[in-house]
Amino acid sequence: MVGRLIYLIGPSGSGKDSLLDAARPRLAERGCRIVRRVITRSAEAVGEAAQGVSPQQFAALQAEGGFALSWQANGLSYGIPREIDDWLAAGQDVLVNGSRAHLAQTRERYPNLLVLLLTVDQAVLRQRLVARGRESLADIEERLARNARFTAQLISGNGAGLFVLDNSGPLEHTVERLLCCLDHGHSACA
Ligand SMILES: Nc1ncnc2c1ncn2[C@@H]1O[C@H](COP(=O)(O)OP(=O)(O)O)[C@@H](O)[C@H]1O
Ligand SMILES: O=P(O)(O)OC[C@H]1O[C@H](OP(=O)(O)OP(=O)(O)O)[C@H](O)[C@@H]1O
């Protein structure tokens with residue numbers, strides 16, 4: 001049986017990396033793989049389970065067909081290694097830290113995609129981004145503006161196949177809801 005592609009999206013600072021880190025052992029128990037992304041960001045960037053490459057290295061990987069999915073955002077390039085297709089074909093679930101802007105293209109390639117939209121109250125989000133301290137305040141404002149364009153539009157425009165996970169509360173609660181959604185479906189996990 002083919003595995004499920006699970007596409008975790010949400011604003012910068014909503015907690016995608018934190019959620020993946022916290023859920024990692026329990027996802028592994030379920031045989032669900034978390035993709036290590038390739039990003040044109042330095043490898044030492046805090047909180048990112050990714051391979052950092054130069055723009056030239058990224059272009060070379062892309063040219064040789066190294067990515068199943070790729071996109072650009074926030075001045076960076078992101079690639080999802082093509083190995084995910086082997087894992088899916090072998091029946092493994094695969095979880096990707098994805099892009100909201102790239103959702104339509106991802107759905108085209110993977111029509112049975114399961115989308116998890118992580119949401120956070122906007123005021124809490126601003127506090128978390130400032131506390132994380134990875135970007136300048138100007139960059140944080142740009143990320144918040146980008147966020148405003150997406151969330152309502154996604155929730156109203158999608159419906160089937162899109163599960164909303166709120167991460168305004170403790171991370172452990174979000175981990176439990178994520179696992180419940182994967183095990184039993186969203187409606188069973190209010
Ligand atoms: N449920 C939570 N409660 C409190 N802080 C959180 C929670 N989830 C994430 N954070 C914090 O918010 C910041 C942004 O989280 P991060 O995982 O880097 O988000 P993203 O990957 O979506 O950009 C980090 O400093 C992280 O520790
Ligand atoms: O289209 P969007 O939904 O806005 O997403 C654009 C990119 O930003 C996030 O990555 P990144 O890890 O750089 O940012 P984050 O850690 O701040 O979320 C996300 O995972 C996408 O790769």
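Structure notes:
- Number of the exception - L88 against (1) touching a Lys or Arg at 6+ places or on another chain (Cβ under 9 Å); (2) under 29 Å from I155 (Cα atoms); (3) at pLDDT below 95: (3)
- Note on the stretch 154-183: among residues that are modelled with pLDDT of 95 or more and among the polar types (S, T, N, Q), the one that is nearest to I9 (Cα to Cα) is N167.
- Scanning the stretch 164-190 for residues that are away from ligand 1 (no atom under 15 Å from the Cβ) and farther than 13 Å from L19 by Cβ returns C180, D183, H184, G185, H186, S187, A188, C189, A190.
This table checks each residue for (1) surrounded by fewer than 19 Cβ atoms within 10 Å (Cβ to Cβ); (2) farther than 20 Å from N147 by Cβ.
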| residue | (1), (2) |
| --- | --- |
| G13 | no, no |
| K16 | no, no |
| G52 | yes, yes |
| Q56 | yes, yes |
| W71 | yes, no |
| N74 | yes, no |
| R82 | yes, yes |
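Condition check ((1) modelled with pLDDT of 90 or more; (2) of a type in the set (F, W, Y); (3) more than 28 Å from F67 (Cβ to Cβ)) across all residues:
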position: V94; (1), (2), (3): yes, no, no
position: E108; (1), (2), (3): yes, no, no
position: L117; (1), (2), (3): yes, no, no
position: V120; (1), (2), (3): yes, no, yes
position: L129; (1), (2), (3): yes, no, no
position: A152; (1), (2), (3): no, no, yes
position: G185; (1), (2), (3): no, no, yes
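- All of L95, L118, L125 fail the test of being crowded, with 19+ Cβ neighbours inside 10 Å, more than 10 Å from ligand 2 (Cβ to nearest atom), among the hydrophobic types (A, V, I, L, M, F, W, C) and under 14 Å from the mean Cα position of the chain (by Cα), apart from L95.
- Of the criteria (1) of a type in the set (V, I, T); (2) surrounded by 13 or more Cβ atoms within 10 Å (Cβ to Cβ); (3) at pLDDT below 95, which one V46 fails: (2)
The values are calculated or read from the model by the stated rules, or taken from the named source; none is laboratory data. All values reported here derive from a predicted model rather than from experimental measurement. Here the Cβ is made from the backbone with ideal geometry for all residues, glycine too, and neighbour counts use every protein chain on show.
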